[in-house]
1. Restricting attention to the range 65-87, does a residue exist that is outside any helix (DSSP H, G or I), at pLDDT below 80 and crowded, with 19+ Cβ neighbours inside 10 Å?
2. Do the conditions hold for Ser280, that is, is it more than 30 Å from Tyr145 (Cα to Cα) and either among the hydroxyl-bearing types (Ser, Thr, Tyr) or touching a strand residue (DSSP E or B) at 6+ places or on another chain (Cβ under 8 Å) (or both)?
3. Yes or no: Ser245 of a type in the set (S, T, N, Q) and within 25 Å of Ile314 (Cα to Cα)?
4. How many residues are of a type outside the set (Val, Ile, Thr), crowded, with 16+ Cβ neighbours inside 10 Å and in a loop (DSSP other than H, G, I, E, B) when one looks only at the range 288-308?
5. Please go through the range 131-182 and pick out each residue that is part of a loop (DSSP other than H, G, I, E, B), open to solvent by less than 30 Å² (accessible area, probe 1.4 Å) and of a type in the set (A, V, I, L, M, F, W, C).
6. Only one residue in Val274, Val270, Val256 is open to solvent by less than 60 Å² (accessible area, probe 1.4 Å), β-branched (Val, Ile, Thr), assigned to a helix (DSSP H, G or I) and under 28 Å from Arg144 (Cβ atoms), so which one is that?
Amino acid sequence: MVCLVQPRLARNRFRSGTRSDFHTANELAEMSDFPGERFEVKIVAVSASVKTSQGLTVPVQATGSKAPDCVVVPAIGFKMPEPLEAALARPEIKDAGIVLRQWARKGAMMTAACIGTFIMAESGLLDRQRATTTWWLVPVFRRRYPSVSLDESQMIVKSGRFVTAGAALSHMDLALWIIRGVSPKLASLTATYLIVDSRPTQSAYALSDHLVHSDPLVQRFEDWARTRLKHGFSLDDAARAVASSKRTLARHMHSVLGKSPLSYFQSLCVERAVHLLKTSDASVDEVAARVGYADATTLRNLLRRRLKLGIKEIRRTA
(Lines give C-alpha, C1' and ligand atoms only; values in the text may rest on other atoms or scores of the structure.)
Protein backbone atom coordinates (compact mmCIF):
# COMPACT_ATOMS: atom_id res chain seq x y z
CA MET A 1 0.00 0.00 0.00
CA VAL A 2 1.23 3.50 -0.89
CA CYS A 3 0.08 6.39 1.29
CA LEU A 4 0.11 10.00 0.10
CA VAL A 5 0.35 12.06 3.29
CA GLN A 6 -1.28 15.46 2.90
CA PRO A 7 -0.74 18.43 5.23
CA ARG A 8 -3.59 20.94 5.26
CA LEU A 9 -2.61 22.91 2.14
CA ALA A 10 -1.53 20.65 -0.72
CA ARG A 11 -0.35 21.21 -4.26
CA ASN A 12 -3.04 19.73 -6.46
CA ARG A 13 -0.76 18.78 -9.37
CA PHE A 14 1.41 16.50 -7.24
CA ARG A 15 -1.49 14.75 -5.55
CA SER A 16 -3.47 13.98 -8.72
CA GLY A 17 -0.36 13.34 -10.84
CA THR A 18 1.21 10.84 -8.47
CA ARG A 19 -2.02 8.94 -7.93
CA SER A 20 -2.51 8.84 -11.69
CA ASP A 21 1.00 7.38 -12.17
CA PHE A 22 0.20 4.40 -9.93
CA HIS A 23 -3.25 4.02 -11.50
CA THR A 24 -1.65 3.89 -14.95
CA ALA A 25 0.84 1.29 -13.72
CA ASN A 26 -2.02 -0.86 -12.41
CA GLU A 27 -3.91 -0.61 -15.72
CA LEU A 28 -0.81 -1.50 -17.73
CA ALA A 29 -0.04 -4.41 -15.40
CA GLU A 30 -3.54 -5.80 -15.99
CA MET A 31 -3.37 -5.21 -19.75
CA SER A 32 0.07 -6.83 -20.05
CA ASP A 33 -0.69 -9.59 -17.55
CA PHE A 34 2.18 -8.68 -15.20
CA PRO A 35 2.37 -11.00 -12.19
CA GLY A 36 2.29 -9.76 -8.61
CA GLU A 37 0.20 -7.39 -6.49
CA ARG A 38 -1.18 -4.08 -7.70
CA PHE A 39 -0.63 -0.68 -6.12
CA GLU A 40 -3.22 0.31 -3.52
CA VAL A 41 -3.03 4.08 -3.05
CA LYS A 42 -4.62 5.94 -0.14
CA ILE A 43 -4.59 9.68 0.49
CA VAL A 44 -4.38 10.28 4.22
CA ALA A 45 -4.14 13.44 6.28
CA VAL A 46 -3.56 14.59 9.85
CA SER A 47 -6.51 16.98 9.57
CA ALA A 48 -10.18 16.40 8.77
CA SER A 49 -10.02 18.25 5.45
CA VAL A 50 -7.37 19.33 2.96
CA LYS A 51 -7.53 22.06 0.34
CA THR A 52 -5.24 22.41 -2.65
CA SER A 53 -3.45 25.67 -3.39
CA GLN A 54 -6.22 26.30 -5.96
CA GLY A 55 -8.89 25.98 -3.25
CA LEU A 56 -10.17 22.52 -4.21
CA THR A 57 -11.11 20.07 -1.45
CA VAL A 58 -9.17 16.80 -1.40
CA PRO A 59 -10.99 13.67 -0.15
CA VAL A 60 -8.77 12.15 2.54
CA GLN A 61 -8.76 9.34 5.06
CA ALA A 62 -7.47 9.28 8.63
CA THR A 63 -3.89 8.09 9.04
CA GLY A 64 -4.84 5.05 11.10
CA SER A 65 -2.47 2.92 13.15
CA LYS A 66 -1.30 0.48 10.48
CA ALA A 67 1.89 1.49 8.69
CA PRO A 68 1.80 1.44 4.88
CA ASP A 69 4.50 -0.22 2.80
CA CYS A 70 5.52 3.13 1.33
CA VAL A 71 4.79 6.74 2.33
CA VAL A 72 4.89 9.61 -0.16
CA VAL A 73 4.98 13.16 1.20
CA PRO A 74 3.91 15.48 -1.64
CA ALA A 75 4.60 19.19 -1.96
CA ILE A 76 2.65 21.88 -0.16
CA GLY A 77 1.53 25.07 -1.89
CA PHE A 78 4.43 27.35 -0.94
CA LYS A 79 7.25 27.84 -3.41
CA MET A 80 9.18 30.80 -1.99
CA PRO A 81 11.30 30.93 1.21
CA GLU A 82 9.33 33.32 3.43
CA PRO A 83 5.82 31.80 3.01
CA LEU A 84 7.29 28.30 3.12
CA GLU A 85 9.05 28.87 6.42
CA ALA A 86 5.84 30.33 7.87
CA ALA A 87 3.92 27.26 6.69
CA LEU A 88 6.47 24.90 8.26
CA ALA A 89 5.70 26.45 11.65
CA ARG A 90 2.04 25.41 11.45
CA PRO A 91 0.75 22.80 13.95
CA GLU A 92 -0.27 20.32 11.24
CA ILE A 93 3.34 20.06 10.04
CA LYS A 94 4.33 19.03 13.55
CA ASP A 95 1.44 16.53 13.63
CA ALA A 96 2.52 15.12 10.27
CA GLY A 97 6.06 14.70 11.64
CA ILE A 98 4.74 12.58 14.50
CA VAL A 99 2.91 10.26 12.11
CA LEU A 100 5.90 10.03 9.75
CA ARG A 101 8.23 9.05 12.61
CA GLN A 102 5.76 6.40 13.79
CA TRP A 103 5.55 4.85 10.33
CA ALA A 104 9.32 5.00 9.89
CA ARG A 105 9.78 3.11 13.16
CA LYS A 106 7.43 0.43 11.81
CA GLY A 107 9.61 -0.07 8.75
CA ALA A 108 7.77 1.85 6.02
CA MET A 109 9.70 3.16 3.02
CA MET A 110 9.65 6.96 3.50
CA THR A 111 9.68 9.15 0.40
CA ALA A 112 9.13 12.83 -0.43
CA ALA A 113 9.37 15.08 -3.45
CA CYS A 114 9.78 18.77 -4.19
CA ILE A 115 8.79 20.90 -1.18
CA GLY A 116 7.56 17.76 0.57
CA THR A 117 11.23 17.11 1.34
CA PHE A 118 11.06 20.03 3.79
CA ILE A 119 8.24 18.30 5.69
CA MET A 120 10.27 15.10 5.84
CA ALA A 121 13.34 17.02 7.03
CA GLU A 122 11.26 18.94 9.57
CA SER A 123 10.30 15.61 11.17
CA GLY A 124 13.99 14.87 11.80
CA LEU A 125 13.91 11.68 9.72
CA LEU A 126 16.49 12.96 7.24
CA ASP A 127 19.09 13.82 9.89
CA ARG A 128 22.41 12.16 8.92
CA GLN A 129 20.81 10.94 5.70
CA ARG A 130 21.56 11.89 2.10
CA ALA A 131 18.79 13.82 0.35
CA THR A 132 17.86 16.13 -2.49
CA THR A 133 15.29 18.93 -2.64
CA THR A 134 13.86 21.70 -4.79
CA TRP A 135 16.93 23.36 -6.31
CA TRP A 136 15.91 27.01 -5.80
CA LEU A 137 15.31 26.46 -2.06
CA VAL A 138 18.70 24.84 -1.40
CA PRO A 139 20.08 27.74 0.75
CA VAL A 140 16.97 27.61 2.97
CA PHE A 141 17.18 23.83 3.26
CA ARG A 142 20.87 23.90 4.19
CA ARG A 143 20.28 26.57 6.83
CA ARG A 144 17.29 24.81 8.41
CA TYR A 145 18.64 21.25 8.25
CA PRO A 146 22.46 21.33 8.53
CA SER A 147 22.63 17.68 9.60
CA VAL A 148 21.16 16.49 6.27
CA SER A 149 23.75 15.60 3.61
CA LEU A 150 22.23 17.46 0.67
CA ASP A 151 22.95 16.64 -2.98
CA GLU A 152 20.68 19.01 -4.88
CA SER A 153 22.14 18.06 -8.26
CA GLN A 154 20.32 14.71 -8.22
CA MET A 155 16.70 14.12 -9.21
CA ILE A 156 16.38 11.09 -6.90
CA VAL A 157 18.48 10.28 -3.82
CA LYS A 158 18.06 7.05 -1.84
CA SER A 159 19.52 6.83 1.65
CA GLY A 160 18.54 3.67 3.49
CA ARG A 161 14.74 3.61 3.66
CA PHE A 162 14.50 7.32 2.82
CA VAL A 163 14.04 8.50 -0.76
CA THR A 164 13.80 12.14 -1.83
CA ALA A 165 13.14 13.73 -5.21
CA GLY A 166 13.93 17.19 -6.57
CA ALA A 167 11.80 19.98 -7.98
CA ALA A 168 8.35 20.15 -9.56
CA LEU A 169 7.82 17.21 -11.95
CA SER A 170 10.25 15.06 -10.00
CA HIS A 171 7.11 13.58 -8.39
CA MET A 172 6.83 11.53 -11.57
CA ASP A 173 10.42 10.37 -11.19
CA LEU A 174 9.65 9.36 -7.60
CA ALA A 175 6.51 7.44 -8.58
CA LEU A 176 8.43 5.60 -11.31
CA TRP A 177 11.22 4.84 -8.81
CA ILE A 178 8.65 3.19 -6.52
CA ILE A 179 7.10 1.26 -9.41
CA ARG A 180 10.58 0.16 -10.54
CA GLY A 181 11.09 -1.41 -7.11
CA VAL A 182 8.20 -3.77 -7.92
CA SER A 183 8.92 -4.28 -11.61
CA PRO A 184 11.55 -2.50 -13.75
CA LYS A 185 9.70 -3.64 -16.87
CA LEU A 186 6.40 -2.15 -15.62
CA ALA A 187 8.14 1.12 -14.71
CA SER A 188 9.63 1.35 -18.20
CA LEU A 189 6.24 0.67 -19.79
CA THR A 190 4.55 3.24 -17.54
CA ALA A 191 7.18 5.87 -18.40
CA THR A 192 6.64 5.19 -22.11
CA TYR A 193 2.86 5.60 -21.85
CA LEU A 194 3.23 8.80 -19.80
CA ILE A 195 5.98 10.11 -22.14
CA VAL A 196 8.45 10.59 -19.30
CA ASP A 197 12.13 10.82 -20.23
CA SER A 198 14.91 9.72 -17.91
CA ARG A 199 16.22 12.71 -15.95
CA PRO A 200 18.96 11.49 -13.57
CA THR A 201 19.90 15.01 -12.45
CA GLN A 202 18.16 18.33 -11.92
CA SER A 203 21.37 20.35 -12.24
CA ALA A 204 20.68 20.78 -15.96
CA TYR A 205 17.40 22.53 -15.09
CA ALA A 206 18.59 24.63 -12.14
CA LEU A 207 18.91 28.36 -12.74
CA SER A 208 22.13 28.93 -10.83
CA ASP A 209 21.77 32.67 -11.45
CA HIS A 210 18.76 32.65 -9.12
CA LEU A 211 20.92 31.32 -6.27
CA VAL A 212 24.09 33.25 -7.07
CA HIS A 213 22.40 36.63 -6.75
CA SER A 214 21.31 35.84 -3.20
CA ASP A 215 24.90 36.38 -1.93
CA PRO A 216 27.08 39.35 -3.00
CA LEU A 217 30.35 37.47 -2.44
CA VAL A 218 29.21 34.51 -4.54
CA GLN A 219 28.02 36.90 -7.23
CA ARG A 220 31.43 38.61 -7.31
CA PHE A 221 33.09 35.22 -7.65
CA GLU A 222 30.84 34.28 -10.56
CA ASP A 223 31.55 37.59 -12.31
CA TRP A 224 35.30 36.96 -11.92
CA ALA A 225 35.03 33.31 -12.99
CA ARG A 226 33.10 34.00 -16.19
CA THR A 227 35.88 36.30 -17.41
CA ARG A 228 38.58 33.75 -16.54
CA LEU A 229 37.28 30.49 -17.99
CA LYS A 230 39.92 30.16 -20.71
CA HIS A 231 42.71 30.90 -18.20
CA GLY A 232 41.84 28.11 -15.76
CA PHE A 233 41.13 28.19 -12.04
CA SER A 234 43.23 29.55 -9.17
CA LEU A 235 41.75 29.77 -5.69
CA ASP A 236 44.36 32.33 -4.66
CA ASP A 237 43.48 34.57 -7.61
CA ALA A 238 39.76 34.10 -6.97
CA ALA A 239 39.95 35.07 -3.30
CA ARG A 240 42.09 38.08 -4.13
CA ALA A 241 39.68 39.21 -6.86
CA VAL A 242 36.61 39.10 -4.58
CA ALA A 243 38.45 40.61 -1.57
CA SER A 244 37.95 37.55 0.61
CA SER A 245 39.95 34.86 2.30
CA LYS A 246 39.97 31.44 0.65
CA ARG A 247 38.16 29.93 3.63
CA THR A 248 35.41 32.57 3.63
CA LEU A 249 34.89 32.21 -0.11
CA ALA A 250 34.62 28.43 0.20
CA ARG A 251 32.16 28.75 3.09
CA HIS A 252 29.87 31.11 1.15
CA MET A 253 30.00 28.95 -1.96
CA HIS A 254 29.04 25.83 -0.02
CA SER A 255 26.26 27.62 1.85
CA VAL A 256 24.63 29.04 -1.28
CA LEU A 257 25.40 26.48 -3.96
CA GLY A 258 26.63 23.42 -2.09
CA LYS A 259 29.81 23.47 -4.18
CA SER A 260 33.44 24.38 -3.78
CA PRO A 261 34.76 27.36 -5.80
CA LEU A 262 36.54 24.90 -8.13
CA SER A 263 33.41 22.79 -8.63
CA TYR A 264 31.35 25.85 -9.51
CA PHE A 265 34.07 27.10 -11.85
CA GLN A 266 33.88 23.73 -13.61
CA SER A 267 30.08 24.10 -13.81
CA LEU A 268 30.54 27.40 -15.62
CA CYS A 269 33.00 25.71 -17.98
CA VAL A 270 30.42 23.03 -18.72
CA GLU A 271 27.74 25.66 -19.30
CA ARG A 272 29.94 27.60 -21.74
CA ALA A 273 31.12 24.44 -23.51
CA VAL A 274 27.56 23.18 -24.02
CA HIS A 275 26.53 26.56 -25.41
CA LEU A 276 29.44 26.55 -27.87
CA LEU A 277 28.83 22.96 -28.93
CA LYS A 278 25.16 23.70 -29.62
CA THR A 279 25.54 27.09 -31.31
CA SER A 280 28.82 26.93 -33.25
CA ASP A 281 30.77 24.73 -35.61
CA ALA A 282 33.88 24.90 -33.43
CA SER A 283 35.74 21.61 -33.01
CA VAL A 284 35.85 19.95 -29.61
CA ASP A 285 39.52 20.94 -29.28
CA GLU A 286 38.63 24.59 -29.98
CA VAL A 287 35.79 24.51 -27.45
CA ALA A 288 38.10 22.91 -24.88
CA ALA A 289 40.67 25.70 -25.33
CA ARG A 290 37.99 28.38 -24.88
CA VAL A 291 36.96 26.94 -21.51
CA GLY A 292 40.48 26.39 -20.20
CA TYR A 293 41.15 22.75 -21.02
CA ALA A 294 44.28 21.57 -22.80
CA ASP A 295 42.60 18.91 -24.94
CA ALA A 296 39.29 17.51 -26.06
CA THR A 297 39.62 14.33 -23.99
CA THR A 298 39.60 16.25 -20.70
CA LEU A 299 36.52 18.20 -21.76
CA ARG A 300 34.73 15.05 -22.94
CA ASN A 301 35.39 13.39 -19.56
CA LEU A 302 34.09 16.45 -17.69
CA LEU A 303 30.90 16.60 -19.75
CA ARG A 304 30.32 12.89 -19.38
CA ARG A 305 30.88 13.08 -15.61
CA ARG A 306 28.69 16.14 -15.08
CA LEU A 307 25.89 15.66 -17.63
CA LYS A 308 26.02 11.92 -18.37
CA LEU A 309 26.07 12.97 -22.05
CA GLY A 310 28.60 12.70 -24.85
CA ILE A 311 29.50 15.36 -27.43
CA LYS A 312 27.23 13.89 -30.12
CA GLU A 313 24.27 13.74 -27.73
CA ILE A 314 24.79 17.37 -26.71
CA ARG A 315 25.00 18.58 -30.29
CA ARG A 316 21.98 16.51 -31.29
CA THR A 317 19.80 18.45 -28.80
CA ALA A 318 20.74 21.83 -30.33
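The values are calculated or read from the model by the stated rules, or taken from the named source; none is laboratory data. Everything quoted here is computed from the prediction, not taken from an experiment. Note that each Cβ is placed from the backbone with ideal geometry, even for glycine, and that neighbours are counted across all protein chains shown. These accessible areas exclude ligands, DNA and RNA; they are computed on the full protein's heavy atoms, side chains included. Shrake-Rupley method; radii C 1.70, N 1.55, O 1.52, S 1.80 Å.
1. Yes, the range 65-87 has at least one match.
2. Working: more than 30 Å from Tyr145 (Cα to Cα): yes; either among the hydroxyl-bearing types (Ser, Thr, Tyr) or touching a strand residue (DSSP E or B) at 6+ places or on another chain (Cβ under 8 Å) (or both): yes.
For Ser280, the condition - more than 30 Å from Tyr145 (Cα to Cα) and either among the hydroxyl-bearing types (Ser, Thr, Tyr) or touching a strand residue (DSSP E or B) at 6+ places or on another chain (Cβ under 8 Å) (or both) - is met.
3. Details: of a type in the set (S, T, N, Q): yes; within 25 Å of Ile314 (Cα to Cα): no.
No.
4. Final tally of qualifying residues: 2.
5. Val148, Met155, Ala167
6. Working: Val274 fails: under 28 Å from Arg144 (Cβ atoms); Val270 fails: under 28 Å from Arg144 (Cβ atoms).
Step by step, each of Val274, Val270, Val256 is checked, and only Val256 is open to solvent by less than 60 Å² (accessible area, probe 1.4 Å), β-branched (Val, Ile, Thr), assigned to a helix (DSSP H, G or I) and under 28 Å from Arg144 (Cβ atoms).
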